[in-house]
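Undergrad: Pasting a structure below so you can have a look.
The values are calculated or read from the model by the stated rules, or taken from the named source; none is laboratory data. This is a predicted model, so every value here is computed, not measured. Cβ coordinates were reconstructed from backbone atoms using ideal geometry, including for glycine residues, and neighbour counts include every protein chain displayed. Protein only, heavy atoms only, side chains kept; ligands, DNA and RNA dropped before computing areas. Shrake-Rupley method; radii C 1.70, N 1.55, O 1.52, S 1.80 Å.
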Amino acid sequence: MNWNLTEADIDRITLGAGILGTGGGGNPWLGALMAKAQLAEGRSLRVIGLEDLAPDAQVMALAGIGAPTVGVERMVEGSESARLIRVMEQHLGHRIDALIADEIGGSNAIAPMIAAARLGLPVVDADGMGRAFPEVQMTTFFINGHVAHPSGLTDFEGNTLIVTEARSPEMLERLLRAGTVAMGSAAYFTTAPMTGAFVRRHAVPGTLRLAHRIGDAVLAARAAKDDPVAAICGAMGATVLLRGKVTDVERRTEGGFLRAVLTLGGLDADRGRTVRLSVQNEYLAAGEDGRPLALTPDLICMVDSETGRSIGSEEVRYGLRVALLTAPAHPHLKTEAAMRVVGPEAFGLRAP
């Protein structure tokens, strides 16, 4: 597969990635603007399939890291991620053949495209989560034994950190998180290169195509004046947990994360119901009357009930009319090993 993205493709992927971001992953619309700027400057955004990766290809995952609230307030400069890849290549002593999204959610679905366009590299139609998670070690790559070093971190001012030794992915998370806080809670990071064979075995496949399909369904529903929420459910196999409005927001930025408890009150057929959400960048648990409705690693997504536009955890506010959806996580995230890293117990969660 060789897919050269157009502006229309970016619009669709942005819509879908925002929904797959489960509240996190960074604001997708800012990422879309930067991706379109690459096309305007004559560069290409080229996507390849997992099947196109040679077994010995060198593939590097890349993503933004930090608190979503900061990511909206502090615009990135645009070339940070490409600069980080070049620094990592110098450290490694060899070139990278392709980039892949660490997570498909939000602007992190777009981030590797921007670096790849600047470097003349392809992006793989896959990622390491099939959604977004708040911590570095929570990828199918690390769950299946990927090494924790060398990894890199950079910010828009050019400050760059290379982690040459990390004893575990969890320690890598702590090191990169501390660096991110020092950089103002907004940075880009990359992890050690992976072989094409490893990525083909362990990546969540086809997630850029999935984001595109979700976005296309939303736009088609809007054009036909149909229900975009129903269109999203059909495109990604989701179900509606609640249609209602936001009635309370308890939110803070702490330790490089956005943490929150959100309360939704039902409207129309759901009137009288109250659902609460636990948030660590992403929506991780939804509960009603002390009973869990949905728990990580399954996706919990909040969208505008009229337009189907995703609502990130940093932009939730009182009075928003929303639909709360859930969809099953990819089987890669349901293994025993994966559940230890991304299941409810990894976050100390139960029904909020």
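Undergrad: Considering only residues that are modelled with pLDDT under 95, in a loop (DSSP other than H, G, I, E, B) and out of contact with any Ser or Thr (no Cβ under 9 Å at 6 or more places or on another chain), which ones fall in region 270-293?
TA: Across region 270-293, the qualifying residue is only Gly290.
Undergrad: So, one more: Would you pick out the residues in region 1-27 that are open to solvent by 20 Å² or more (accessible area, probe 1.4 Å), in contact with a helix residue (DSSP H, G or I) (Cβ under 6 Å, 6 or more places away or on another chain) and part of a helix (DSSP H, G or I)?
TA: The answer is Glu7, Arg12.
Undergrad: I'd like to verify a number: residues in region 47-81 that are at pLDDT 95 or above and under 15 Å from Gly120 (Cα atoms), how many?
TA: Number of matching residues: 5.
Undergrad: Within region 192-221, can you find the residues that are closer than 22 Å to Val47 by Cβ and open to solvent by less than 10 Å² (accessible area, probe 1.4 Å)?
TA: Result: Met194, Gly196, Val199, Ala203, Val204, Thr207, Leu208, Ala211, Ile214, Gly215, Val218.
Undergrad: Here's something else I'd like to know. In region 299-341, what residues are hydroxyl-bearing (Ser, Thr, Tyr) and either touching a helix residue (DSSP H, G or I) at 6+ places or on another chain (Cβ under 9 Å) or under 22 Å from Asp226 (Cα atoms) (or both)?
TA: Listed by number, the residues that qualify are Ser305, Thr307, Ser310, Ser313, Thr326, Thr335.
Undergrad: Among the residues of region 313-339, write down those that are under 20 Å from the mean Cα position of the chain (by Cα) and assigned to a helix (DSSP H, G or I).
TA: Answer for region 313-339, where residues must be under 20 Å from the mean Cα position of the chain (by Cα) and assigned to a helix (DSSP H, G or I): Pro331, His332, Leu333, Ala338, Met339.
Undergrad: Spot the failing condition for Gly308; the list is (1) over 17 Å from the mean Cα position of the chain (by Cα); (2) within 30 Å of Ala187 (Cα to Cα); (3) in a strand (DSSP E or B), and only one is missed.
TA: Just one mismatch for Gly308, condition (3).
Undergrad: Identify, from the list Arg291, Arg317, the residue that is touching a residue at least 60 places away in the same chain (Cβ under 8 Å), closer than 28 Å to Met183 by Cα, of a type outside the set (A, V, I, L, M) and open to solvent by 40 Å² or more (accessible area, probe 1.4 Å).
TA: After applying the criteria, what remains is Arg317.
Every residue, every condition in (1) farther than 19 Å from Glu103 by Cβ; (2) in contact with a helix residue (DSSP H, G or I) (Cβ under 7 Å, 6 or more places away or on another chain); (3) of a type in the set (Ser, Thr, Tyr), yes or no:
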residue: Ser185; (1), (2), (3): no, yes, yes
residue: Leu208; (1), (2), (3): no, yes, no
residue: His212; (1), (2), (3): no, yes, no
residue: Lys245; (1), (2), (3): yes, no, no
residue: Gly265; (1), (2), (3): yes, no, no
residue: Asp268; (1), (2), (3): yes, no, no
residue: Glu282; (1), (2), (3): no, no, no
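Undergrad: Does Thr326 count as over 21 Å from Ala338 (Cα atoms), open to solvent by 10 Å² or more (accessible area, probe 1.4 Å), touching a residue at least 12 places away in the same chain (Cβ under 8 Å) and touching an Asp or Glu at 6+ places or on another chain (Cβ under 9 Å)?
TA: No: the conditions fail for Thr326.
Undergrad: Hey, among Thr263, Thr253, Thr296, which residue is over 16 Å from the mean Cα position of the chain (by Cα) and at pLDDT 95 or above?
TA: Thr263 is the lone residue from the list that is over 16 Å from the mean Cα position of the chain (by Cα) and at pLDDT 95 or above.
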